[in-house]
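J.: Sending over a structure as structure tokens; questions will come in a sec.
The values are calculated or read from the model by the stated rules, or taken from the named source; none is laboratory data. Given the structure is predicted, the values throughout are model-derived calculations rather than measurements. Here the Cβ positions follow ideal geometry from the backbone for every residue, glycine too, while neighbour counts run over all protein chains shown. Surface accessibility is based on the protein's heavy atoms, side chains included, excluding ligands, DNA and RNA. Shrake-Rupley method; radii C 1.70, N 1.55, O 1.52, S 1.80 Å.
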Amino acid sequence: MFRFILTRFSLIIPTFIGVTLLTFALIRLVPGDPVELMAGERGISPERHAELRAAMGLDKPLMVQYGTYIADVVRGDLGQSVVTRTPVLDEFLTLFPATIELSVCAILFAMIIGLPLGIIAAVKRGSVFDHSLMGISLTGYSMPIFWWALLLILLFSVNLGWTPVSGRISVMYWVEPVTGFLLIDSLLSDEAGAFSSALSHLILPAIVLGTVPLAVIARMTRSSMLEVLGEDYIRTARAKGLAPFRVIAQHALRNALIPVVTVIGLQVGVLFAGAILTETIFAWPGIGKWLIESVSRRDYPVLQGGVLLVAAVIMLVNLLVDLTYGILNPRIRHGGH
Amino acid sequence: MHQALRGAALGLTLAAGFVSPLAAKTLVYCSEGSPEGFNPAFFTAGTTFDATSRQVFDKLVQFERGTTKIVPGLAESWTVSEEGLEYTFKLRKGVKFHTSKSFKPTRDFNAQDVIFTFERQWKTENPYHTVSGGAYEYFNSMDMPKLLKSIEAVDDYTVKFTLNEPEAPFLANLGMDFASIQSAEYADAMAKAGTQTKVDQEPVGTGPFQFVGYQKDAVIRYRANEAYWAGKAPIDTLVFSITPDASVRYAKLKAGECHVMAYPNPADLAAMRTDPAVNLMSQEGLNVGYLAFNTEKAPFTDTKVRQALSMAVNKDAIIEAVYQGAGKKAKNPIPPTIWSYNDKIEDTKYDPEAARKMLADAGFPNGFETDLWAMPVQRPYNPNARRMAEMVQADWAKVGVKAKIVSYEWGEYLRRTKDGEHQTMLMGWTGDNGDPDNFLYVLLGCEAVGSANRARFCYQPFNDLLVKAKRTPDVAQRTKFYEDAQAVFKEQAPWITVAHSVVYEPIRKEVQNYKIDPFGGHIFYGVDLK
């Protein structure tokens with residue numbers, strides 16, 4: 001087991017170097033200069049331009065810049081945003097809980113709806129329910145997020161008035177961040193009604209962000225269930241005269257869930273990618289919106305640091321998933337080594 | 001499953017209750033983005049000024065709300081010496097700075113605060129100069145370091161600015177956002193506590209609204225300053241709800257989640273006009289969208305060629321197609337809302353035949369080839385540069401001039417056009433301080449070649465007029481110089497002046513007394529709710 005963990009950890013280092021190199025190179029390959037963007041139509045004198053570039057460390061050769069960047073990262077310093085002049089790590093820590101809160105709710109939504117639907121579709125294979133569900137889930141999977149979000153806003157927020165349009169909480173409340181998770185912070189605060197406001201603000205973005213994972217989970221559950229339902233031991237269970245519900249819930253589901261859990265783990269990356277659009281539309285103050293803005297402002301430190309931190313989180317989640325398998329399934333732990 | 005359903009049902013019931021009790025008169029403004037920070041002296045973006053200088057701070061002189069007219073602010077009155085070198089301001093007495101979590105003022109606003117505000121930006125030896133990474137872009141780009149000779153406190157309530165050379169627009173500069181007056185006492189207190197950067201994060205001003213708090217990328221909250229020298233604002237609380245997507249801002253406005261929204265989508269304007277809950281306000285912007293010829297590159301060194309190509313462009317069609325009616329044809333480089341606008345000037349008539357003839361006279365009977373640069377982004381003065389370029393291209397083709405459209409990423413576009421790589425290009429400008437100098441000298445003066453003067457136009461008789469106008473404090477005289485300059489401009493034709501765009505501001509019907517700011521800002525002092 002120890003060797004397994006060690007191998008997994010050693011794989012992290014090249015991934016890390018890859019991520020830093022890639023973000024560093026990509027943002028610099030995109031034309032555009034943060035100083036020019038700041039000056040806008042007014043223009044800026046060449047001397048002042050050089051001065052500001054030097055202040056940002058952009059006057060040095062690329063290799064030196066990369067070296068400095070890596071050295072800083074190793075020391076735990078991700079630099080400062082060139083726009084707001086606050087440390088990248090501080091900004092990330094302020095915004096990240098909002099993204100986690102949204103992602104967790106989205107994946108919960110996807111699981112709570114997706115798993116039962118997948119199971120029912122598998123059990124009623126070939127039925128009208130099965131066919132329509134698979135059709136709908138394919139639609140959900142291919143739905144452009146921004147369009148879907150605007151549609152839901154127009155229906156539920158503008159026409160029906162059931163949910164708020166955007167934001168994390170009604171602007172009438174002022175909840176001091178303690179944990180950064182607003183559902184928790186609003187309970188801790190003494191503002192009555194803050195919790196229900198925060199919850200109601202989560203509904204639409206969580207649905208939008210959860211739509212693609214929901215479709216994936218439902219389809220995966222269905223196919224995995226179908227496979228298991230064809231196994232000999234299920235036939236045996238049925239032959240023994242067990243109640244159909246017990247056969248499905250106890251015998252089939254447990255085994256069918258293993259590949260589904262893998263898929264759920266893989267959705268973390270999908271969630272972060274989806275969060276970028278969802279957050280922009282719903283004015284959700286998370287890291288998605290923050291990263292998008294850093295691209296358009298050519299805020300190199302934010303983009304580099306932000307992507308690195310997101311990559312670190314995804315790697316961590318994947319590592320945990322792998323380790324869980326290792327514990328669950330000895331064949332994986334020893335396989336190939 | 002059962003549990004899940006119950007959860008969903010609970011969610012829906014809760015959702016119905018999201019409308020929370022309103023505090024006494026709270027105005028919610030759906031802004032388009034997050035401020036870069038809370039010290040307006042560091043930044044140049046309107047979004048940042050909306051959140052800082054336009055609510056929290058005052059300047060020595062201000063612009064009357066909804067106009068570009070300079071009126072007293074923290075200075076009650078001022079005198080300018082005869083040669084235009086000394087500006088002496090009498091300061092308002094009894095003005096209080098805000099009290100915040102970290103700071104309680106012990107004295108009223110006085111001359112020390114004015115000196116601190118400007119010396120921090122100006123003097124490298126000022127202990128606050130480098131705090132928060134200090135780069136004072138606006139102060140520098142308005143050439144303040146070159147202009148200022150000294151600032152001194154004559155007494156507690158009198159401040160004298162001495163300039164190196166006469167500069168009439170100087171007064172208007174002092175009404176700009178970077179000149180927001182900061183508290184020297186607050187700065188000292190934070191320096192003692194070792195928390196200097198707080199001055200730039202928790203702003204303390206004398207303005208109509210007091211900063212309460214900011215939750216990054218989500219919301220900014222202010223409360224009305226009870227002790228405001230010009231009287232407390234009619235609303236009690238001001239909230240900025242940061243909403244980057246324009247369609248979502250409109251949805252929030254419709255749903256009553258905000259009262260005023262920034263920058264509507266042009267596509268939504270038709271619906272807003274007929275929306276019973278919304279009052280769509282509009283005003284000509286303080287801007288100009290233009291096409292600049294690179295006057296250093298042949299054949300555009302020839303005035304005749306420039307005039308011919310101006311004649312060849314059908315501006316009416318552009319206003320119709322690109323601005324979709326939300327623009328006014330421009331004949332002068334300054335918008336009509338600025339004083340000294342020369343209305344006697346006749347615009348170049350659209351006449352392809354005459355243009356062709358003029359080109360032949362200039363030695364190009366068969367036309368020539370050129371490039372035409374188009375901005376990749378939407379700007380307040382030009383909603384669709386690409387489309388505009390295509391229309392100009394088609395117009396020019398009719399007189400035999402083949403233009404190749406060139407476009408780069410915005411930052412790259414700015415850099416390359418500043419360096420003069422283009423032959424012709426689209427550009428525009430939004431005024432900073434309502435002074436004609438801020439258009440004419442900044443964009444067409446000889447000194448601005450290599451920065452904002454992208455036509456690289458340096459014509460001595462024209463430049464002389466601008467310099468003379470700068471040196472004279474007398475407005476009547478200045479007006480005359482600028483009127484003459486506009487006539488010279490028309491005859492020299494370094495640009496094709498295309499349009500002044502119209503600014504739209506959708507507000508809810510219950511909002512009263514809102515005025516569109518010609519500078520493109522959003523100002524909430526004086527605004528009330530029914």
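J.: Yes or no: segment A:115-129 includes at least one residue that is over 28 Å from residue A:277 (Cβ atoms), within 12 Å of chain B (Cβ to nearest Cβ) and in contact with a Ser or Thr (Cβ under 7 Å, 6 or more places away or on another chain).
T.: Yes, the conditions are met somewhere in segment A:115-129.
J.: Select from segment A:163-190 the residues that are more than 9 Å from chain B (Cβ to nearest Cβ) and acidic (Asp, Glu) and list them in ascending order.
T.: Initially, segment A:163-190 is screened for residues more than 9 Å from chain B (Cβ to nearest Cβ), giving A:178-190.
Listed by number, the residues that qualify are A:185, A:190.
J.: Taking the conditions exactly as written (modelled with pLDDT of 90 or more, surrounded by fewer than 16 Cβ atoms within 10 Å (Cβ to Cβ) and either part of a helix (DSSP H, G or I) or under 18 Å from the mean Cα position of the chain (by Cα) (or both)), does residue A:108 satisfy them or not?
T.: Taking the combined requirement at face value, the residue satisfies it.
J.: Only one of these is in the same structural domain as residue B:63 (by the TED database), within 29 Å of residue B:518 (Cα to Cα), open to solvent by 40 Å² or more (accessible area, probe 1.4 Å) and assigned to a loop (DSSP other than H, G, I, E, B): B:101, B:96. Name it.
T.: B:96
J.: Yes or no: segment B:452-468 includes at least one residue that is open to solvent by 40 Å² or more (accessible area, probe 1.4 Å) and more than 30 Å from residue A:44 (Cβ to Cβ). Step through it out loud before you land on a result.
T.: Within segment B:452-468, the first condition is being open to solvent by 40 Å² or more (accessible area, probe 1.4 Å), and the residues that meet it are B:456, B:458-461, B:464, B:468.
Cutting the leftovers down to more than 30 Å from residue A:44 (Cβ to Cβ) gives us none.
Looking for residues that are open to solvent by 40 Å² or more (accessible area, probe 1.4 Å) and more than 30 Å from residue A:44 (Cβ to Cβ), one finds none in segment B:452-468, hence no.
J.: Going by what's in this entry, would residue A:253 be described as over 25 Å from the mean Cα position of the chain (by Cα), touching a residue at least 24 places away in the same chain (Cβ under 8 Å) and surrounded by 17 or more Cβ atoms within 10 Å (Cβ to Cβ)? Lay out the reasoning, then the answer.
T.: On the way: over 25 Å from the mean Cα position of the chain (by Cα): yes; touching a residue at least 24 places away in the same chain (Cβ under 8 Å): yes; surrounded by 17 or more Cβ atoms within 10 Å (Cβ to Cβ): yes.
So residue A:253 fits the description; yes.
J.: Follow-up. Please enumerate the residues belonging to segment B:53-74 that are outside any loop (DSSP other than H, G, I, E, B) and touching a residue at least 24 places away in the same chain (Cβ under 8 Å).
T.: Within segment B:53-74, B:61, B:62, B:63, B:70 meet the criteria.
J.: What are the residues in segment B:352-382 that are loosely packed, with under 14 Cβ neighbours inside 10 Å and over 31 Å from the mean Cα position of the chain (by Cα), if any?
T.: B:353, B:361, B:363, B:365, B:366, B:369, listed by residue number.
J.: Still on this model: Looking at (1) within 14 Å of another protein chain (Cβ to nearest Cβ); (2) modelled with pLDDT of 90 or more; (3) not in a loop (DSSP other than H, G, I, E, B), which is the one condition that is false for residue A:100?
T.: Exception for residue A:100: condition (1).
J.: Being open to solvent by 20 Å² or more (accessible area, probe 1.4 Å), touching a residue at least 12 places away in the same chain (Cβ under 8 Å) and away from chain A (no Cβ under 14 Å) is the filter here; which residues of segment B:120-159 pass it?
T.: B:122, B:127, B:149, B:150, B:152, B:153, B:154, B:155, B:156, B:157
J.: To continue, here is another question. Counting only residues that are more than 14 Å from every other protein chain (Cβ to nearest Cβ) and open to solvent by 50 Å² or more (accessible area, probe 1.4 Å), give me the helices (runs of 4 or more DSSP H) lying completely in segment A:4-92 with at least 2 of them.
T.: A:62-74
J.: Can you tell me which residues in segment B:412-436 are within 12 Å of chain A (Cβ to nearest Cβ) and either of a type in the set (S, T, N, Q) or under 15 Å from residue B:492 (Cβ atoms) (or both)?
T.: At the first step, the residues of segment B:412-436 found to be within 12 Å of chain A (Cβ to nearest Cβ) are B:412-420, B:425-432.
Within segment B:412-436, B:417, B:430 qualify.
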